[in-house]
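What follows is one structure encoded as C-alpha cells, with my remarks underneath.
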Amino acid sequence: MSSFRIDVADLLRHPGARRTVRLTEPLEDLVGSAAVVTDPVAVVLDLERISEGIVVRGTISATWRGDCARCLTPLARPLELHVDELFEPHPVPGETYLLDGHELDPDQLVRDAVLLELPLAPHCDPPCPLPAHASDDAEPDVDPRWRALSELEL
C-alpha cells in the first residue's frame, strides 16, 4: 500500500471544493536507464472536485543521481515538475488515474512524471571536456578498407 494515499471524502461531498496537500515520502524503484531517485520525493498538490472526479495540480520535487556519460563523475541534480491530471472512478488507461472510492493514490502519477524526466545520458554542467582520444583536433582512426578513398582527389 502506498504511503501517498489521500482521503478525499470531504471533497467528494462538495462539488467545487479545493484542498492543498503536502507530502514527502520515499518511493522505491525510481530508476531510469542512467539515473536513480533515492531521496524522498516531495509533492505539493492542489486537489479540486469536479463532476468527473478530482483534478490534481501541483509540483513534484526530487533529486536524481547518476554518473556523467562522458567522464563518469557522480552527479546529483534536482527535478521540479508540474503535474495536472484527473483522477476518476473509471479511468481511461494511459490518460487518467483511478479514484478508488474516497481515496486517490498519486504514487503512479509521481512515478510517471519523474521517470519521464530522468536523463537518458546525464552530463556535467558545464559540459566536461572530451577525453583526449575523442577531441576534434585528433586525427580520426580510418578503417584501412576506406584509406584508398581518402587518397582520391575530388
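Below, the figures for the structure above:
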| read-out | value |
| --- | --- |
| Among (1) open to solvent by less than 30 Å² (accessible area, probe 1.4 Å); (2) closer than 20 Å to residue 117 by Cβ; (3) β-branched (Val, Ile, Thr); (4) without any contact (Cβ under 8 Å) to a residue 60 or more places away in the chain - the single one residue 21 does not satisfy | (2) |
| Subset of region 43-67 [surrounded by fewer than 16 Cβ atoms within 10 Å (Cβ to Cβ) and among the small types (Gly, Ala, Ser)] | 51 |
| Residues being surrounded by 12 or more Cβ atoms within 10 Å (Cβ to Cβ) and of a type outside the set (A, V, I, L, M) - total across region 8-17 | 1 |
| Scan of region 68-98 for residues that are surrounded by 11 or more Cβ atoms within 10 Å (Cβ to Cβ), without any contact (Cβ under 8 Å) to a residue 24 or more places away in the chain and of a type in the set (Asp, Glu), ordered by number | none |
| Residue 28 vs. criteria open to solvent by 80 Å² or more (accessible area, probe 1.4 Å) and without any contact (Cβ under 8 Å) to a residue 12 or more places away in the chain | yes |
| Any hit, region 56-66, residues being at pLDDT below 95 and farther than 16 Å from residue 36 by Cβ | no |
| Pick from region 19-36, criterion among the β-branched types (Val, Ile, Thr) and touching a Pro at 6+ places or on another chain (Cβ under 9 Å), ranking: farthest from residue 123 (Cα to Cα) | 21 |
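The values are calculated or read from the model by the stated rules, or taken from the named source; none is laboratory data. Computed from a predicted model, the values in this text were never measured in an experiment. Reconstructed Cβ throughout: ideal geometry from the backbone, glycine too, with neighbour counts over all protein chains shown. Keep in mind that these areas ignore ligands, DNA and RNA; they rest on the heavy atoms of the full protein, side chains included. Shrake-Rupley method; radii C 1.70, N 1.55, O 1.52, S 1.80 Å.
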